[in-house]
Structures are given as C-alpha cells and as structure tokens.
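Okay, so here's the structure we're looking at.
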Amino acid sequence: MSRVQLALNVSDVDSAVEFYEKLFDTPVNRRKPGYANFAIEDPPLKLVLIEGAEGGTMNHLGVEVMEPGEVASAESRLGESGLTTTGLDDTACCYATKTETWVTDPDGAPWEWYVRTGDSEQMSNQVLDGGDGAGCCAPAVSDGADPASNSDEAVGCC
C-alpha cells in the first residue's frame, strides 16, 4: 500500500500532535524532539509535523511506498517523462533511513518519493554513502532549480 505524505511546519509540535490525534482519531506513530509522524489509515496518509519553521506552512509532499523497487521504478518513470529528479539516494533523516528521490513541481513544491528502510537517530540530512547530505530533505534537483530551499529553515525532511 502506498500513501500520500504531507509534511507540515508547526510552531509547537506538542499542541499539533494533540490536535491531529483528535482530528484523525489516530495516535501519533513516531515522536522525537521537534518531530512527529502519523500513519493514518483512513484516509491513507502519512502526516509529518516538523517544529521550528513558520507554523502553518507546508514543508513538503511525498509518496511513501513499501518496497525500494517502487522508488527505483518511480525514479525511472519520472526521468523518462522529462521531469528532473535528484536521482536515487539511501539517506538518513527525519529519524529514519530510506531510499528516496525528489522532484520539484513548477511552483517550487518539493515532492519526495521514498521507502522507509529503518530507524535512525538522525533528524537532519545525511547521505549514507558518505556524501554531504544533498540527497535528503528536499535537495536541489540536478538542473539547479531549488526554489524550495531558500533557507535551512524552509526545508525539512521526513
């Protein structure tokens, strides 16, 4: 099962968790300092809350899939359709390890296509192959367009 992901910036993660538990009648799935996520069954949604940026704004969007091959297929399909992506990366961010690729829509909204492969104590980005972190947390796509990351605060990961 895949599901759409919505990552929101919040000013107070504790009050946001309390609100979204009530709104979706679902307990928080994962909680870390300044971070929470929900695995909502109905409607199928991965809701991520990231504290510290301007509250009430979108951080990024995504599609969570269940198998790494689904990310590779999406990466291939996106590239073949003419969209510029970041390429596939194995990363650690938002307290998870994952395989992911990113693409930016025409208005600058970052989209992540990913599979969670494990747990991490890392909130910020770190490419697992020893890179500089550019493969996680809404990185610039390879054509240089990066309207979503005008500042470190505006960019998040999940």
The lysines whose Cα lies under 25 Å from the Cα of LYS22, excluding any fewer than 8 residues away in the same chain, are LYS32, LYS46
Ranked output for segments 3-10, 68-75, 102-109 by mean other Cβ atoms within 10 Å, highest leading, reads 3-10, 68-75, 102-109
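Assuming a ≥ b ≥ c are the square roots of the Cα gyration tensor eigenvalues, decide whether the stretch 3-59 counts as rounded (a/c under 1.5), prolate (otherwise, with a/b larger than b/c) or oblate. List each step's numbers first, then the result.
On the way: a/c = 1.80, a/b = 1.41, b/c = 1.27.
Prolate.
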Spelling it out for GLN5: with amide H atoms placed in the peptide plane at 1.01 Å from N, the residues 5 or more places away or on another chain with amide H under 5 Å from its amide H are LYS46, GLY62, VAL63, GLU64
If R0 = 35 Å, then ASP14 and SER76, at their Cβ-Cβ distance, give a FRET efficiency to the nearest 0.05 of 0.30
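Since every read-out is calculated from the coordinates, none of them should be taken as a lab result. From a predicted model like this one, the values you see are computed outputs, not experimental measurements. Positions of Cβ are generated from backbone atoms using ideal geometry, with glycine treated the same way; all protein chains shown enter the neighbour counts.
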